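Accompanying notes for the structure given below.
The values are calculated or read from the model by the stated rules, or taken from the named source; none is laboratory data. Fair warning: this is a prediction, and the values are worked out from it, not measured in the lab. Here the Cβ is made from the backbone with ideal geometry for all residues, glycine too, and neighbour counts use every protein chain on show. Surface areas here come from the heavy atoms of the whole protein model, side chains and all, with no ligands, DNA or RNA. Shrake-Rupley method; radii C 1.70, N 1.55, O 1.52, S 1.80 Å.
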Amino acid sequence: MTIAAALFAVTIVYCCYSVYFYGGRWVANPYNPRISDQKQRVVMGTVTDRDGTVLAYSDETGARRYNASEEVRRAVSQVVGDGGGKVATGVDTFHAQYLLGFKAGLLERLTDAFTGTTQRGDDVRLTISERLSRYIGEQFPSGKRGAVVVLNYKTNEILAMVSMPQFDPTDMDEALEDEASGALINRATQGLYPPGSTFKIVTLAAALQNLPDLDSFVYDCTGYAAVGSYAVTDKTAHGTQTLSQAFSNSCNTAFAALAGELGYSLLGATAENLGFNQNFMFGDLIVYNSSYPIDNLSDEDLAWSAVGQGRVLATPMHMALIASAVANGGVMNEPRLIAQITTPQGGERRPPARATGWRVMSEAAAQRIENELVRAVKSGTGTRAALGNGYTVAGKTGSAEVSDDKSVEADAWFVGYVTNENAPYAICVVVENGGSGGGVAAPLARKTLQKAINLGL
């Protein structure tokens, strides 16, 4: 009986835990019959961007409508979602608890009942800028897939979360016919990619916090390093390098050597501190879990994982959060997509609960990593991300291989941020099969950051 009572207690505790952490996601599930029932009785609220531009609204008949401009609709399509719930992570579905009035109090419902007023859901203002989102879509390499995330690392606001290709929520038949293109997937939060050399930020953090005498680190790169039955290679032999030079030149063999000194336990622990293998239970949005597998402890797997290859996978949103953490002195913050929730009566409703910042690396390590990121943009592989005009960009490029024989173009990456206090923007760019991170992703990052500055976001 004691064992049975204990198991019953554990079940109750787990049930409460699940409801507390997952209840909002269960409510927002498009297959939840309460959603469709509520849509018959409640006028869905309006969704706007940070500047008040209407992105989605309900007309006088209660039908869901979207911005009159097709360019605007497409630019924010995966963020806003669609009326039918095909994009389950979109605001129209994920935040239905607000937009469909589930959060309305008893007094609000009684008032509507006594006055004969049709119940209306809350209006939701987002942190994104449709102008910046539209610009990113216009500048993205034609015909390519990928994602761009822009964050304000001081306020934690998501300024843009663009996924390519896009779709038009007013023409879902076309979107569903071309479902193979993946337009209904938000690659910014759901896309899992090998991060390539951008993961060297994580490897560097692990080395700085666990290996002594790194200032005297010297590595002779021949372009080839045998590891077990495989080899880690570079496109060119970099010669004798310090740690700073190896990072700036994005030397794979040097970072594989660092991983050998660290071992799986230290590198894996740092990766997990930075969010890999963790379940991000964010209140404003769903972000898929990045992974740093530690089940296969081979030397080859360890070496390739140090340069973001092998079985390492990350979402663009997560890598943007890592850049933000470095900019914030080693503290990672939960991203914000909801700027304000307004009730039909004009009051303000409390937004979803958000976690306070948590330390993911030492402040000293973050400062050293920033120095290396700045150097990489000034004189390394990321020079095409530099802004000039008094703005300093810290960043890391990546060219992540997606095929064993390199028969498919690598995914192009750039992860970084502007160090200036008056432009606290962090960014992640991924262009699938884009080739060179320095040649493709870095220029797009520069254009995007410059646009954000020009818009004064």
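Could you pull out the longest piece of the chain with no exposed loop trypsin sites (Lys or Arg not before Pro) in it, calling a site exposed if DSSP puts it outside H, G, I, E, B and it has at most 10 other Cβ atoms within 10 Å?
On the way: sites that count: K235, K406.
The longest uninterrupted stretch comes out as 1-234.
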With a 1.4 Å probe and every protein chain left in place, work out the accessible area per residue of the chain in Å², rounded to a whole number. 42 Å²
Normalised per residue, the volume inside the convex hull of the alpha-carbon atoms of region 35-100 in Å³ amounts to 84 Å³
Gain on full stretching of the segment that runs from E348 to R375 - 0.36 nm per residue minus C-alpha separation: 5.2 nm
Rg/Rh (Cα only; Kirkwood hydrodynamic radius) as it applies to region 266-421: 1.03
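On alpha-carbon atoms, Rg over Rh for region 130-185 using Kirkwood Rh?
Working: Rg = 12.9 Å, Rh = 12.4 Å.
When Rh is taken as the Kirkwood radius, the ratio is 1.03.
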Could you pull out every whole DSSP H run in the chain that spans at least 18 Å of Cα extent along its own axis and averages 0.0 or higher on the Kyte-Doolittle scale? 2-27, 252-273
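What's the long-distance tail for region 189-230, i.e. % of Cα pairs beyond 12 Å? Walk me through the numbers on the way to the answer.
On the way: 650 of 861 pairs.
Counting every Cα pair in region 189-230, those more than 12 Å apart make up 75 percent.
If M317, M164 are ordered by their accessible area, calculated over protein heavy atoms with a 1.4 Å probe, which sequence runs from highest to lowest?
Numbers: M317 0, M164 25 Å².
Largest to smallest exposure gives the sequence M164, M317.
With a 1.4 Å probe and all protein chains kept in place, how do I12, I3 rank by accessible area, largest first?
Details: I12 80, I3 130 Å².
Greatest to least solvent exposure: I3, I12.
Before rounding to the nearest 500, sum -39500 (n - 2.57) across all DSSP H runs of length at least 4 in the chain and divide by the residue total; then give [θ] at 222 nm in deg cm²/dmol. Write down the numbers at each step before the final one.
On the way: 17 runs with 172 residues, N = 457.
One gets -11000 deg cm²/dmol as the mean residue ellipticity at 222 nm.
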For an R0 of 51 angstrom, estimate the FRET efficiency from the Cβ-Cβ distance between N420 and E272 and round to the nearest 0.05. 0.95
A 1.4 Å probe over the protein heavy atoms gives the chain a carbon and sulfur accessible-area percentage of 51 percent
Find, to one decimal place in angstroms, the Kirkwood hydrodynamic radius of region 340-456, where the mean of 1/r is taken over every pair of different Cα atoms and then inverted. 16.2 Å
Calculate log10 I(q)/I(0) of region 48-199 for q = 0.09, 0.19 Å⁻¹, where I(q) comes from the Debye formula with a single equal point scatterer on each Cα and nothing for solvent. -0.33, -1.20
If we count every other residue with Cβ under 11 angstrom of S229's Cβ, Lys/Arg +1 and Asp/Glu -1, where does the sum land? -2
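Please report how many Lys pairs in the chain have alpha carbons closer than 15 angstrom, counting only residues at least 8 apart along the chain or sitting on separate chains. Walk me through the numbers on the way to the answer.
On the way: K39/K103; K200/K396; K235/K406; K378/K396.
Step by step, the pairs that qualify in the chain add up to 4.
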Percentage of Cα-Cα pair distances in the chain greater than 41 Å, rounded to whole percent? 22 percent
With every protein chain present, what accessible area does H238 have (1.4 Å probe, heavy atoms only), rounded to the nearest 10 Å²? 50 Å²
L107, L449, ranked by accessible area, largest first (probe 1.4 Å): L107, L449
